[in-house]
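A short worksheet on the structure shown next.
No lab work stands behind these numbers, since they all come straight from the coordinates. Quick caveat, the model's predicted, so the values are computed rather than measured. Every residue, glycine as well, gets a Cβ built from its backbone with ideal geometry; the counts of neighbours run over all protein chains shown.
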């Protein structure tokens, strides 16, 4: 008699992706700006930073171009890259942009959790919500269905 093949329902898992060198450099620079290690108006010395990070100048340039696109760095031809100086209006625009992204992400998660709970898969819903709860191990109560 051949062995019985059973279908196992796996929890929702995201593919594992290794960040590229450029992704890591972008994150490192972004964090340096957010945490104040690189201040508004500071220059980004390409040779020095690429040596410190242990990456090529072309990889650093690509990471910097992403930050220029996002408005965190300003490129002045012939002078180099600088951390963007932000006035109150620009800062408000960044906050609004981030708020919009976070609201969309919360909406997507809420929709997925609702579908999982409607399908009776409370465990998968709790696993999806677990990283959002931080260190708390308290279960999130299911919401009541709308009538």
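I'd like the distance separating the alpha-carbon centroids of the range 102-135 and the range 20-44, in whole Å.
Cα centroid to Cα centroid, the span is 32 Å.
Report, in deg cm²/dmol and to the nearest 500, the calculated mean residue ellipticity at 222 nm for the chain, where each DSSP H run with n ≥ 4 adds -39500 (n - 2.57) and the sum is divided by the residue count.
Values: 5 runs with 74 residues, N = 147.
Mean residue ellipticity at 222 nm (helix-derived): -16500 deg cm²/dmol.
Once you have the alpha carbon radius of gyration of the chain, what is it after dividing by 2.2 N^0.38 Å, with N set to its residue count? Could you put the intermediate results ahead of the total?
Details: Rg = 22.2 Å, N = 147, 2.2 N^0.38 = 14.7 Å.
Taking the Cα Rg and dividing by 2.2 N^0.38 Å, one obtains 1.52.
On full extension of the chain, what length is gained from residue 85 through residue 123, given 0.36 nm per residue of separation minus the C-alpha to C-alpha distance? Each step should come with its number before you reach the end.
Working: separation 38, 0.36 × 38 = 13.68 nm, distance 4.65 nm.
Difference between extended and current length: 9.0 nm.
Taking the Cα atoms of the range 88-133, report the difference between the largest and smallest coordinate on each principal axis, in whole Å and largest first.
47, 17, 7
Write down the Kirkwood hydrodynamic radius of the range 21-83, to one decimal in angstroms, obtained as one divided by the mean of 1/r over all alpha carbon pairs.
Details: mean 1/r = 0.0877 Å⁻¹.
One over the average 1/r among Cα pairs gives 11.4 Å for the range 21-83.
Each label point is 7 Å from the Cα along the Cα-to-Cβ direction; what then is the distance between the points at residue 96 and residue 7, in nm?
4.8
FRET efficiency for residue 14 and residue 35, Cβ-Cβ distance as r, R0 = 22 Å, nearest 0.05?
It comes out at approximately 0.25.
Using 7 Å Cα-to-Cβ label points, what is the residue 103/residue 57 separation (nm, one decimal)?
For residue 103 paired with residue 57, the spin-label model returns 4.4 nm.
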